[in-house]
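Enquirer: Once you've had a glance at the structure underneath, I'll fire off some questions.
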Amino acid sequence: MNLRDILLFAVVFGGLPFMLWRPYIGVLYWTWLGLMNPHRLVWGPAYGFQFAQIVAVVTVVGLVFTKDERRWKGAPEVYLLIVLLAWMSLTTVFALLPDDAWEAWKRVMKIQVMGFVALIALNSRRHIELMVWVLALSVGYFGVKGGIFTLLTGGEYRVYGPADSYIDDNNAIALAIIMTIPLFYYLFATTKRWWLKIGLALAMVLCALSALGSQSRGALVAIGAMSAFLWLHSRKKIALGASLIVLGVLLVGFMPEHWDARMRTILEYHGEGSAEARLHAWTMLYRIANDRFFGAGFLPYSVETYARYMPEWPTVHAAHSIYFQLLGEHGWVGLTLFLLIWFFTWRRARWIKRMVKGREDFKWAHSLSSMIQVSLIGYLVGGAFLNLGYWDFPYYLLILLVVLSDLIRRELTPVRKGAIGGQQATLDRNWGADPQPATTSIPAQSPVPTSTSAQGRTLAERS
């Protein structure tokens, strides 16, 4: 057992008592283990040790006995996710390759069950911001490391992710890294420590360089979509546009000629092996969805499946698209549920921004929602070319938005009759509607009315 193994065992097992006492700590540990896969960075007995299962069990036990606040946060996207998981269970029963399908089903269910635990355990601004730090650093570690590697090698070699994970190949790690850049920006914008701002700014630059160093064309398309969305919604379009152009020119100019040649093939899919393989895989999955109501189940990619649904293409390829992945594996019903989940998640982010607009005390919530939207743009665009339909990172963004909206509802609760001018101040609880900003009923300069109950405490007191 080497020093890395010892350190990893000490960090995980040393945290178990705290998980029993504060279950949200267990959620943070689970997220870190699932995204960063630190056990894949060692070479001894810790490499194959079941850290995540131990953390999950201890966290659930702690959730039962803790005195911390426990709140279930229902939302349309949460219930749609539950329906999708139930549908996936049904499609697995009818899977073309049942052994592989059930193994994949177990992995997906483990991830999502702990997501529901997170919905219950996370309840405050402090919880939310700790989760953002864990998400950013877990993936950002590979971004910073990959950026340094790209600098030292001149971009000649590709950046890869942790072995045996959802993000092990160069395309997946590239998308994962660029999805963390908006979270790093949120942390940069909200921290007051100058040295931390410098570190976060450096991390963002290295992550961008790492994404380019992966030589992933899908990641480049996602970066373009994220930059365009950020620019369109910025109040300082000239300054931001100039900064993006200068940074882009510097980073792209650093990359070698063969990188430039590879990126030029984005629109030249005819005759390009990887692009043509994707098109044939998508065709096969489309045919499966039209032939089988339940789809093919998880992981239907085999010689037999291709021979049946794509006989004109001789080799086997995976979906390379979150949309065709859901379509072929779980049918049109599965794809529809998947799209609805992200549609309502996007609306929730918009609702949060509208509700806190103009309030200095919730400026952080507006910023976080905006950056999550930027990150989701990267996922929804870049994911069109990757097998990341079940990757946990975007679902944690969904959880953050649901927890954040629940926190806002509790902080901006309707004031009892007579509290303001003898009238009851109302707050539109229908997040799907287009409510007026909270400042119309409670001025931003005035403190938020509170009650004597624990739930009535202000956000500053709880965090």
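Enquirer: Along the charge dipole of the stretch 310-375, which of ILE322, GLY334, LEU368 sits closest to the positive end, that is, farthest toward it, with unit charges on the beta carbon of Lys, Arg, Asp and Glu (+1, +1, -1, -1)?
Expert: Comparing the listed Cα positions along the dipole, LEU368 ranks first.
Enquirer: Please give the helix 170-190 orientation as an angle from the longest Cα principal axis of the chain, in degrees from 0 to 90, rounded to the nearest 10.
Expert: Once rounded, one gets 20 degrees.
Enquirer: Could you work out how far helix 392-411 tilts from the main Cα principal axis of the chain, as a 0 to 90 degree angle to the nearest 10?
Expert: Taking Cα atoms only, the helix is inclined about 10 degrees.
Enquirer: Quick check: from the Cα gyration tensor, does the stretch 46-97 come out rounded (a/c under 1.5), prolate or oblate?
Expert: oblate
Enquirer: Sticking with this structure for a sec: In whole Hz, with x marking every Gly and Pro, tabulate ³J(HN,Hα) for the stretch 58-75 from phi via Karplus 6.51 cos²θ - 1.76 cosθ + 1.60, θ = phi - 60°.
Expert: Couplings: 4, 5, 5, 4, x, 5, 6, 9, 5, 8, 5, 5, 10, 9, 7, 10, x, 6 Hz.
Enquirer: Per residue of the stretch 248-254, in order, report the coupling 6.51 cos²θ - 1.76 cosθ + 1.60 (Karplus, θ = phi - 60°) as ³J(HN,Hα) in whole Hz, putting x for Gly and Pro.
Expert: Ordered by residue, 3J(HN,Hα) equals x, 4, 5, 5, 5, x, 6 Hz.
Enquirer: Multiplying the sequence separation of ASP99 and TRP332 by 0.36 nm and subtracting their Cα-Cα distance, what value in nm do you get?
Expert: Length gained between ASP99 and TRP332: 81.6 nm.
Enquirer: I would also like to ask the following. Kindly report the accessible area of the stretch 100-173 per residue (heavy atoms of protein chains, probe 1.4 Å, no ligands, DNA or RNA), in Å².
Expert: On a per-residue basis, 41 Å².
Enquirer: Work out how much length ASP169 to GLU276 would gain on full extension: take 0.36 nm times their residue separation and subtract the Cα-Cα distance, in nm to one decimal.
Expert: Answer, rounded to one decimal: 36.6 nm.
Enquirer: Normalized C-alpha radius of gyration of the chain, against 2.2 N^0.38 Å?
Expert: Numbers: Rg = 23.1 Å, N = 463, 2.2 N^0.38 = 22.7 Å.
Normalised by 2.2 N^0.38 Å, the Cα Rg of the chain equals 1.02.
Enquirer: While we're looking at this one, here's another question. For the stretch 265-390, restrict the atom set to alpha-carbon positions and state the Rg and Dmax in Å.
Expert: 18.6, 61
Enquirer: Would you please give the residues with an amide H less than 5 Å from that of HIS320, counting only those at least 5 places away or on a separate chain, with H modeled from the backbone geometry?
Expert: Residues meeting the amide H criterion: ASN387.
Enquirer: Which whole-Hz couplings ³J(HN,Hα) result when phi for each residue of the stretch 289-301 is put into the Karplus expression 6.51 cos²θ - 1.76 cosθ + 1.60, θ = phi - 60°, listed in order with x for Gly and Pro?
Expert: 4, 6, 8, 10, 4, 8, x, 9, x, 4, 6, x, 7
Enquirer: Turning to a different aspect of this structure: Counting only protein heavy atoms and a 1.4 Å probe, tell me what percentage of the chain's accessible area is made up of carbon and sulfur.
Expert: For the chain, the apolar C and S fraction of the accessible surface comes to 65 percent.
Enquirer: For the stretch 28-70, state which trypsin sites (Lys or Arg not before Pro) are in a DSSP loop and have at most 15 other beta carbons lying within 10 Å of their beta carbon.
Expert: Qualifying residues, ordered by number: LYS67, ARG70.
Enquirer: Additional query: At 0.36 nm per residue, and after removing the present C-alpha to C-alpha distance, how many nm does the segment from TYR79 to LYS236 gain when stretched out fully?
Expert: Extending this stretch completely gives an extra 52.7 nm.
Enquirer: Here is a follow-up. How much FRET efficiency would the formula 1/(1 + (r/R0)^6) give for TRP21 and LYS106, where r is the Cβ-Cβ distance and R0 is 25 Å, rounded to 0.05?
Expert: 0.30
The values are calculated or read from the model by the stated rules, or taken from the named source; none is laboratory data. These numbers come from a predicted model, not from an experiment. Methodologically, a virtual Cβ is constructed for each residue, glycine included, from the backbone with ideal geometry; neighbour enumeration extends over all protein chains shown. SASA here: full protein model, heavy atoms, side chains in, ligands and nucleic acids out. Shrake-Rupley method; radii C 1.70, N 1.55, O 1.52, S 1.80 Å.
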